[in-house]
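K.L.:
My questions will all concern the structure given below.
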Amino acid sequence: MTGAFLNAIGILLGAIFGLAQRAPLSARSQDFFRRGLGAATVFFGLQLVWLNVNGTFLSCAKQAFIVLMALVLGNLLGKLLALQKISNHFGRFAGNLIANTQTNPPRKSADAFNACTILFCAAPLGVLGAVTDGLSGGFYLLAVKAVMDGLAMTSFVKMFGWPCSLSAFPVFIFLGAISLACQLYAKPFLDSHNLVCPVNVVAGFIACAVALVIFEVLKVELANFLPALAVAPLLAWLLNH
């Protein structure tokens, strides 16, 4: 649960920084952080791929085939489940809550808290990071998300006040629960069948897709790819038996 803890700390530190700073970050600084976070996401995504693809050429080719099929089938399953539409719905709901704070001042703190909680919990990078943290202790993706959320909180806390920073606690509980469930329930089974690597490789490729969104190179329906995390070990198990 290291990654979930870092994510929560990042949000709280962002709130402190936002309250301490009189002026918001300049456009140049925001662009610098955006590029840096995009590069870090690519680096840690490719690192996941590199560390979990091993063996002979044929073995690596087989792993690549499994990952490719998992991404394709996972995306199809995600579309059938309308995961991206659900994610977009949460995003619009959070946006409406933020807009409501302008017209309904008595609800400002509660709506801002709920909006920040939804936005920080619904990010696909959070699910990726929580899964990899639970399965292999790789908290790096959540560390990147911690910086992203912290930067966002520097703006939110100026608009809505300090109560919105309390969203760090449900974020910790949500992501920590995913990591703990993966560690206690999924990891023992996956380890016993050598199936952790396919999950990490798929997570690495999806992380690289997250970077494409950060760099505004391509609009990717990231939520639709999340089922690939479950499809990858299933395919690997089927092909190995």
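The values are calculated or read from the model by the stated rules, or taken from the named source; none is laboratory data. Every value quoted in this text rests on a predicted model; they were computed, and no experiment measured them. No Cβ is skipped: glycine too gets one built from the backbone with ideal geometry, and neighbour counts run over all protein chains shown.
K.L.:
Sort out which residues of the stretch 185-215 are touching a residue at least 24 places away in the same chain (Cβ under 8 Å), part of a helix (DSSP H, G or I) and either among the β-branched types (Val, Ile, Thr) or surrounded by fewer than 16 Cβ atoms within 10 Å (Cβ to Cβ) (or both), and write them in order of number.
P.N.:
Across the stretch 185-215, the qualifying residues are Val196, Val199, Val201, Val202, Ile206, Val210, Ile214.
K.L.:
Being closer than 24 Å to Ala94 by Cβ and hydrophobic (A, V, I, L, M, F, W, C) narrows it down to one residue among Ala186, Ala232, Ala223; which is it?
P.N.:
Sole residue among the options that is closer than 24 Å to Ala94 by Cβ and hydrophobic (A, V, I, L, M, F, W, C): Ala223.
K.L.:
Moving on to the next point. Scan the stretch 99-115 for residues that are surrounded by 15 or more Cβ atoms within 10 Å (Cβ to Cβ) and more than 20 Å from Phe169 (Cα to Cα) and report the count.
P.N.:
Going through the stretch 99-115 one residue at a time, the tally reaches 2.
K.L.:
Can you list residue pairs whose Cβ atoms sit under 7 Å apart, with the first residue in the stretch 49-73 being more than 14 Å from Trp237 (Cα to Cα) and hydrophobic (A, V, I, L, M, F, W, C) and the second being at pLDDT below 90 and surrounded by 14 or more Cβ atoms within 10 Å (Cβ to Cβ)? Count only pairs 6 or more apart in sequence or on different chains.
P.N.:
Between residues of the stretch 49-73 that are more than 14 Å from Trp237 (Cα to Cα) and hydrophobic (A, V, I, L, M, F, W, C) and residues that are at pLDDT below 90 and surrounded by 14 or more Cβ atoms within 10 Å (Cβ to Cβ), the close pairs are Val53/Gln63; Cys60/Val53.
K.L.:
Just to check your reading of the model, which residue among Leu235, Leu229 is in a helix (DSSP H, G or I), surrounded by 17 or more Cβ atoms within 10 Å (Cβ to Cβ) and touching a Gly at 6+ places or on another chain (Cβ under 9 Å)?
P.N.:
Leu229
K.L.:
Considering Gly126, Gly176, Gly138, which residue is outside any helix (DSSP H, G or I) and in contact (Cβ under 8 Å) with a residue 60 or more places away in the chain?
P.N.:
So the residue among Gly126, Gly176, Gly138 that is outside any helix (DSSP H, G or I) and in contact (Cβ under 8 Å) with a residue 60 or more places away in the chain is Gly138.
K.L.:
Would you point out the residue of the stretch 62-84, among those that are over 17 Å from Asn200 (Cα atoms) and in contact with a Pro (Cβ under 6 Å, 6 or more places away or on another chain), that is surrounded by the most Cβ atoms within 10 Å (Cβ to Cβ)?
P.N.:
Once the filter is applied, the top-ranked residue is Gly78.
K.L.:
So Asn96 ticks every box in (1) surrounded by 17 or more Cβ atoms within 10 Å (Cβ to Cβ); (2) free of Cβ contacts under 8 Å to residues at least 24 places away in the same chain but one. Which box is left unticked?
P.N.:
(1)
K.L.:
So which of Arg34, Arg28 is surrounded by 15 or more Cβ atoms within 10 Å (Cβ to Cβ) and among the charged types (D, E, K, R)?
P.N.:
None of the other options fit; the residue is Arg34.
K.L.:
Residues that are closer than 30 Å to Lys158 by Cα and not hydroxyl-bearing (Ser, Thr, Tyr): which helices (runs of 4 or more DSSP H) entirely in the stretch 1-117 hold 3 or more of them?
P.N.:
Filter on the stretch 1-117 gives 2-20, 27-52, 83-103.
K.L.:
Can you tell me which residues in the stretch 212-237 are among the aliphatic types (A, V, I, L, M) and at pLDDT below 90?
P.N.:
Residues satisfying the conditions are Leu212, Val213, Ile214, Val217, Leu218, Val220.
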